[in-house]
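**Q** Take a look at the following structure, please.
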Amino acid sequence: VVGKGVGPALLIETEPRTEEERAYAAANREFEGNFDRVRIEAALRSFIDRIVVGMEACPYTKSADISATGLEARGVTPGPVGYRFSASTDACHVMSSFWNCICELMAEPETNLSSIMLSLPGIGAGDGPDAHARFAAVVELVGRYLCLFRGDGSFGLVHFHPSYDRSIIHPLDAPSYGHLPPISWLRPILRMGGREAEAEQLSDEELALSNYQRRAPHTAINILRMSQVNAAAGPKSIVNLDLGNGRVEKASGITLYTRNTLRMAQSGRENLQYALDAEIASQYN
């Protein structure tokens, strides 16, 4: 039972671990001691100040401490961002931490706790393909269980990882809960956002820089109230997106993703990666 006794009881069926897997898990548990909560939170705040606030990746976040700013006319009151932390490398422990956050948001009014940033530095630590695969698997597990309990009607998720790459998040060419739109959708999004010239001129490499809006110094999950998400999106936010070859899909956030894609491309990979590397290093130095 998670959520300090008031959350759902989750039964996760697993297979017995091999000797190699047990040794790997033991090594991971020792690795957990390397994470300093103060440094981890400071690095995440730096990312939020740089990308979310500084580059306006979310126009309704004006500081790392307060979210949902500017939505008062739509019935949403700004409130503090809660920073939570789990050093665990174990998926089941992470699920417990996540559901504790959900229960906390359910118990507190938005004026006391607007949203939560949950830092999970032990999940998918590093920037290699195995690290990214671990991140993707764990956040998918988190999202599926939230949807299973119909929590997606009350909360939205935003996933972050140091090497976040939407081109290898499944499904590759369809929406995935908590993730950016598929990379293959970006040109159609730019066209619908009124930037037809950029949709034709930007290279695939420049479009892929859109990933940097989700490249934080460690794995993290932003847990948002759906009242905020809906208010930020506004009425009639879901549109028919023409993907070409007769395929039309429902999509939202056209203006936001158009702006963010262009800003990441304009900033350039060297600048974005340099700042990210500094934030990653700050967690351990």
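The values are calculated or read from the model by the stated rules, or taken from the named source; none is laboratory data. On a predicted model such as this, the values are computed, not experimentally measured, just so you know. Every residue, glycine among them, receives a Cβ derived from its backbone with ideal geometry; neighbour counts consider all protein chains shown. Ligands, DNA and RNA are excluded from the accessible area calculation, which covers all protein heavy atoms including side chains. Shrake-Rupley method; radii C 1.70, N 1.55, O 1.52, S 1.80 Å.
**Q** Among Glu206, Glu72, Glu13, whose mean-square fluctuation peaks in a Gaussian network model of the chain (Cα, cutoff 10 Å)?
**A** Maximum among the listed residues: Glu13.
**Q** Still on this structure: When the accessible area of segment 87-142 is split by element with a 1.4 Å probe, what percent falls to carbon and sulfur?
**A** 55 percent
**Q** Leaving ligands, DNA and RNA out of it, report the carbon-plus-sulfur percent of the accessible area of segment 147-285 at a 1.4 Å probe.
**A** Working: 3540 of 6840 Å².
Carbon and sulfur: 52 percent of the exposed surface of segment 147-285.
**Q** Moving on to the next point. Considering the chain as a Gaussian network with a 10 Å cut-off on Cα pairs, which listed residue, Ile48, Ile12, Ile189, attains the greatest mean-square fluctuation?
**A** In the Gaussian network model the winner is Ile12.
**Q** For segment 201-231 and segment 133-192, what is the centre-to-centre distance using only Cα atoms, to the nearest Å?
**A** 9 Å
**Q** Evaluate the distance, in nm, between pseudo-label points positioned 7 Å from the Cα of Thr18 and of Val248 along their respective Cα→Cβ axes.
**A** Here the modelled spin labels are 5.0 nm apart.
**Q** Using +1 at the C-beta of Lys and Arg and -1 at the C-beta of Asp and Glu, which of Asn240, Gly268, Thr255 has the Cα lying farthest in the positive direction of the dipole of segment 208-285?
**A** Asn240
**Q** Which of Gly194, Pro171, Ile183 sits farthest toward the positive end of the charge dipole of segment 169-216, with +1 on the Cβ of Lys and Arg and -1 on the Cβ of Asp and Glu?
**A** Checking the options against the dipole of segment 169-216, the answer is Pro171.
**Q** Can you tell me which of Pro16, Pro188, Pro59 moves the most in a GNM of the chain? Springs connect C-alpha atoms under 10 Å apart.
**A** Its mean-square fluctuation being the largest, the pick is Pro16.
**Q** Per residue, how much accessible surface does the chain expose to a 1.4 Å probe? Answer in Å², no decimals.
**A** 51 Å²
**Q** Follow-up. Considering Cα pairs under 8 angstrom that are at least six residues apart, work out the relative contact order of the chain and quote it in whole percent.
**A** It rounds to 21 percent for the chain.
**Q** Which net charge results when you count Lys and Arg as +1 and Asp and Glu as -1 among the other residues whose beta-carbon is under 13 Å from that of Lys250?
**A** That sum, taken over residues with Cβ under 13 Å, equals 0.
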